[in-house]
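Written out below as structure tokens is the structure these notes cover.
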Amino acid sequence: MKVIDNSLLDKISADAKESPRLRMNYNFHQSLEDKCHRFLNAVEPGTVVPIHRHPTKDESFVILRGRVRVSTYNDEGNVVESCVLCQEEGRYGVDIPKGVWHTIEAMEPDSVIFECKEGPFVEHDVDGILNIERK
């Protein structure tokens, strides 16, 4: 059993701060080929998560600590919906349907989300990155 506690969240948040990408995953799945990917994603303000989509995969985010904005977009790159996940404000998670352009943005340090989506892992250049600047 792997326990998700403050010690684990503190460690991956510290690793995210040291990473040039300002984010760090902690995988619960054993392989990128696994059918279900479950992982923690520690994100720091300033990290860039490209607007992307998964044509065949739904994806869920649940906030464990901090504040993270999740936004969806249309094909032209305009925001369709935006939601700030924050336990203190009673917004705990979102489910993104397959084929929907989306991104996340850390709004405060030490933010950590739990993510779940179907495997296997597929590079974003195959799944799709929306090559525009955020509006």
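The values are calculated or read from the model by the stated rules, or taken from the named source; none is laboratory data. What you are looking at is a predicted structure, and each value in this text was computed from that prediction instead of being measured. Cβ sites come from the backbone with ideal geometry, for glycine too, and all protein chains shown count toward neighbours. With ligands, DNA and RNA removed, areas are computed over all heavy atoms of the protein, side chains included. Shrake-Rupley method; radii C 1.70, N 1.55, O 1.52, S 1.80 Å.
For segment 102-119, 3J(HN,Hα) computed residue by residue from phi via the Karplus equation (6.51, -1.76, 1.60; θ = phi - 60°) reads 7, 7, 10, 9, 6, 9, 7, x, 6, 7, 9, 10, 9, 10, 9, 7, 5, x Hz, glycine and proline entered as x.
Rounded to the nearest 500, what is the chain's calculated 222 nm mean residue ellipticity when only DSSP H runs of at least 4 contribute -39500 (n - 2.57) each, over all residues?
-3500 deg cm²/dmol
Taking the Cα centre of the chain as reference, the dipole from Cβ charges on Lys and Arg (+1) and Asp and Glu (-1) amounts to some 120 debye.
The overall shape of segment 48-96, judged from the alpha-carbon gyration tensor, is prolate: a/c is not under 1.5, and a/b is greater than b/c.
Mind checking which of V43, T56, Y26 is farthest towards the positive end of segment 1-62's charge dipole, using Cβ charges of +1 (Lys, Arg) and -1 (Asp, Glu) about the Cα centre? The listed residue farthest towards the positive side: T56. Applying 1/(1 + (r/R0)^6) with R0 = 22 Å to the Cβ-Cβ distance of V3 and Y92 gives a FRET efficiency near 0.65. Spin-label pair F39-E108: with each label point 7 Å from Cα along the Cα-Cβ axis, the two points sit 2.6 nm from one another. In this structure, the amide hydrogen of E108, modeled 1.01 Å from its nitrogen in the peptide plane, lies closer than 5 angstrom to those of R67, counting only residues at least 5 positions away or on a different chain. Out of every Cα-Cα pair in the chain, what percent are more than 19 Å apart? That tail contains 50 percent of the Cα-Cα pairs.
Per residue, the solvent-accessible area of the chain (1.4 Å probe, heavy atoms of protein chains only, all protein chains present) comes to 56 Å².
With contacts taken as Cα pairs under 8 Å at a separation of at least 6 residues, the chain carries a relative contact order of 33 percent.
Return the carbon/sulfur percentage of the accessible area of the chain, one whole number, probe 1.4 Å, all protein chains in place.
51
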